[in-house]
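Here the structure comes first, spelled out in structure tokens, and everything after it is commentary.
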Amino acid sequence: MAADNRSLTRELAEYIHGVTYENIPADVIRRAKEAVIDGIGVTLSGYNADCTQIIRQYIAGLGLSGKATVIGGAQTLPAEYAALANGVSAHALDYDDTQISALPDRVYGLLTHPTTPVLSAAIPVAEQVGATGRDTLTAFCIGVEVACKVAEAIRPYHYQNGFHSTGTIGIFGAAAAAAKLHGLGPDLIAQALGIAASKSAGIRVAFGTMTKPYHAGAAAQGGIVATELARIGYRTAPEAMDGPWGYFQVAGSGVDSEAIQGKLGNPYTFVDPGVSIKPYPCGSLSHPSMDAMLDLILEHDIKPDDVEEVRLGTTSNVLAALRYAQPTDELEAKFSIPFCMGILLLERQGGIAQFTDETVLKPDVQEMMGRVKPYLHEGLEALGFQRIRSLIEVKMRDGTVLSKEATTSRGTPERPMSAEELAGKFADCAQGLMADGVQRQVIETIYGLDEVDSINSLTSMLKG
């Protein structure tokens, strides 16, 4: 229970019910539109991934039909199954945005991927209920805010003990968006959150496997299911987030209630501390190091044959997550410091084309990974985890050592992507699935989403 005996479940439910489009600041709406562009882009990028194809194969075997769009394909499904397919697709390449921590004892970059579960739920439900673009955008903003504030509030034990918060906490954002689109009152929203608490799932042992993207899809699907059950009369404890057997205590060994009380939309996480758009399709903890490495390569025109060794000193939270020393496929490569550094040295790029099984297994890539040596840097460790910190040292064969410290990357609030860079990432993600002209129409429609009478004006362009 919260410190002042107010129910956090109730506070969340009343916020979800009470917010209107007019209550949301313009800068939040602008950032939300950028997140929608990025979210749809990364959903397209993962459409042909093995894990996504298997999920669609599983769904096809159920013989279902509905009116919700599978982004990138021709199928239409019931909302919950479109959410599952789109959520897995959006997280398949680990290219989706990341939440930034606001508290010094939280781990920067390890809170949640906020957009994927929420957007993957919001769009199908919006199609189901015939929502406007403004309604959809409002529900999306609310869902992301709920997911981010719950992730901030739950004690760090949750992630550190092995829960994957994109799955475990993303479900609350998905439920919030679905409940808003259905127009539920506070009591039913509390029920939806409570049912979602019992469906919350995802563990970090799945990192580097197909099951990590499944966490995101299952969160989107679970949020819709929890809301539908609450809407038609299913019941649970009315304050399921609170108390000694509630979600915060059971899953997190406690809660910092002040991260929620009076903080929902005050300020919105979208603008303070912000949400980071990924410049590379891999674990976000590698991105500052990758940008710093690429800067060194381009500034000094480093050739692969001239490099004797790369030493990367960083903190324990980075080393624990990016744990694959010699990855054997692209999923493991997304959590591998040697691959992320090595591929930049070899190809000067770290995009979708580089993160493939074939690239990982190339002899020159395997050899270059052996020259990259990650280690625990005690000085950086002592500074804490509220930043992603690293020191890169490139030892050349002539004895020269080139070095650079890293604390941020492109796409973060400190170095936000321009509209042109965001469109460029979208184009990379949509390659082979969407013509250039349609890409421009999609982006223009999203920037004007609050003026669109039906979400179908957008989703009609998202089919393969």
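Scanning the stretch 30-52 for residues that are of a type in the set (A, V, I, L, M) and either under 16 Å from the mean Cα position of the chain (by Cα) or farther than 28 Å from residue 92 by Cβ (or both) yields 32, 35, 36, 37, 40, 42, 44.
Here 38, 27, 50 are screened, and the one residue that is in contact with a Ser or Thr (Cβ under 9 Å, 6 or more places away or on another chain) and in contact (Cβ under 8 Å) with a residue 12 or more places away in the chain is 38. Report yes if residue 320 is out of contact with any helix residue (DSSP H, G or I) (no Cβ under 7 Å at 6 or more places or on another chain), without any contact (Cβ under 8 Å) to a residue 12 or more places away in the chain and surrounded by 13 or more Cβ atoms within 10 Å (Cβ to Cβ), otherwise no. So residue 320 fits the description; yes. Within the stretch 378-404, residues that are acidic (Asp, Glu) sit with their Cβ atoms under 6 Å from residues that are surrounded by 17 or more Cβ atoms within 10 Å (Cβ to Cβ), at 6+ positions apart or across chains, in these pairs: 381/315; 393/311. So which of 253, 257, 289 ends up being among the polar types (S, T, N, Q) and buried (at least 24 other Cβ atoms within 10 Å of the Cβ)? When all the criteria are applied, what remains is 289.
Within the stretch 131-210, which helices (runs of 4 or more DSSP H) (wholly inside it) include 3 or more residues that are among the hydroxyl-bearing types (Ser, Thr, Tyr)? Can you show your working first?
Working: elements: 133-153, 157-160, 165-168, 170-182, 186-199.
Because the criterion is at least 3 residues that are among the hydroxyl-bearing types (Ser, Thr, Tyr), the helices (runs of 4 or more DSSP H) in the stretch 131-210 that meet it are 165-168.
Might you let me know whether the stretch 240-260 holds any residue that is part of a loop (DSSP other than H, G, I, E, B), charged (D, E, K, R) and in contact (Cβ under 8 Å) with a residue 40 or more places away in the chain? Working first, answer last.
Our first condition is that a residue be part of a loop (DSSP other than H, G, I, E, B); within the stretch 240-260, this holds for 240-246, 253-254, 256, 260.
Filter again for charged (D, E, K, R), leaving 242, 256.
Checking the rest, the ones that are also in contact (Cβ under 8 Å) with a residue 40 or more places away in the chain come to 242, 256.
Yes; the residues of the stretch 240-260 include at least one that is part of a loop (DSSP other than H, G, I, E, B), charged (D, E, K, R) and in contact (Cβ under 8 Å) with a residue 40 or more places away in the chain.
Given 415, 389, 397, which one is touching a helix residue (DSSP H, G or I) at 6+ places or on another chain (Cβ under 7 Å) and surrounded by fewer than 23 Cβ atoms within 10 Å (Cβ to Cβ)? Step through it out loud before you land on a result.
On the way: 415 fails: touching a helix residue (DSSP H, G or I) at 6+ places or on another chain (Cβ under 7 Å); 389 fails: surrounded by fewer than 23 Cβ atoms within 10 Å (Cβ to Cβ).
Of the residues listed, the single one that is touching a helix residue (DSSP H, G or I) at 6+ places or on another chain (Cβ under 7 Å) and surrounded by fewer than 23 Cβ atoms within 10 Å (Cβ to Cβ) is 397.
Taking residues in the stretch 54-78 that are under 23 Å from residue 455 (Cα atoms) and at pLDDT below 95, and partners anywhere that are of a type in the set (D, E, K, R) and assigned to a loop (DSSP other than H, G, I, E, B), the pairs with Cβ atoms closer than 6 Å and at least 6 places apart or on different chains are 74/463.
Residues being in contact with a Lys or Arg (Cβ under 9 Å, 6 or more places away or on another chain) and at pLDDT 95 or above are entirely absent from the stretch 99-110. Tallying residues that are closer than 24 Å to residue 293 by Cβ, out of contact with any strand residue (DSSP E or B) (no Cβ under 8 Å at 6 or more places or on another chain) and not in a loop (DSSP other than H, G, I, E, B) within the stretch 400-426 yields 5.
The residues in the stretch 329-344 that are modelled with pLDDT of 95 or more and either of a type in the set (Phe, Trp, Tyr) or not in a helix (DSSP H, G or I) (or both) can be counted, and the count is 2.
Among the residues of the stretch 187-232, count how many are closer than 30 Å to residue 6 by Cβ and not small (Gly, Ala, Ser). Can you show your working first?
Narrowing the stretch 187-232 to residues closer than 30 Å to residue 6 by Cβ: 187-202, 219-220, 222-232.
Imposing the further condition that a residue be not small (Gly, Ala, Ser) reduces the set to 187-189, 191, 193, 195, 199, 224-225, 227-229, 231-232.
Number satisfying all stated conditions: 14.
You will find that of 61, 72, the residue that is in the same structural domain as residue 272 (by TED's automatic domain parsing) and crowded, with 24+ Cβ neighbours inside 10 Å is 72 and no other.
The values are calculated or read from the model by the stated rules, or taken from the named source; none is laboratory data. Computed from a prediction, not measured in an experiment: that's the story for all the values here. Methodologically, a virtual Cβ is constructed for each residue, glycine included, from the backbone with ideal geometry; neighbour enumeration extends over all protein chains shown.
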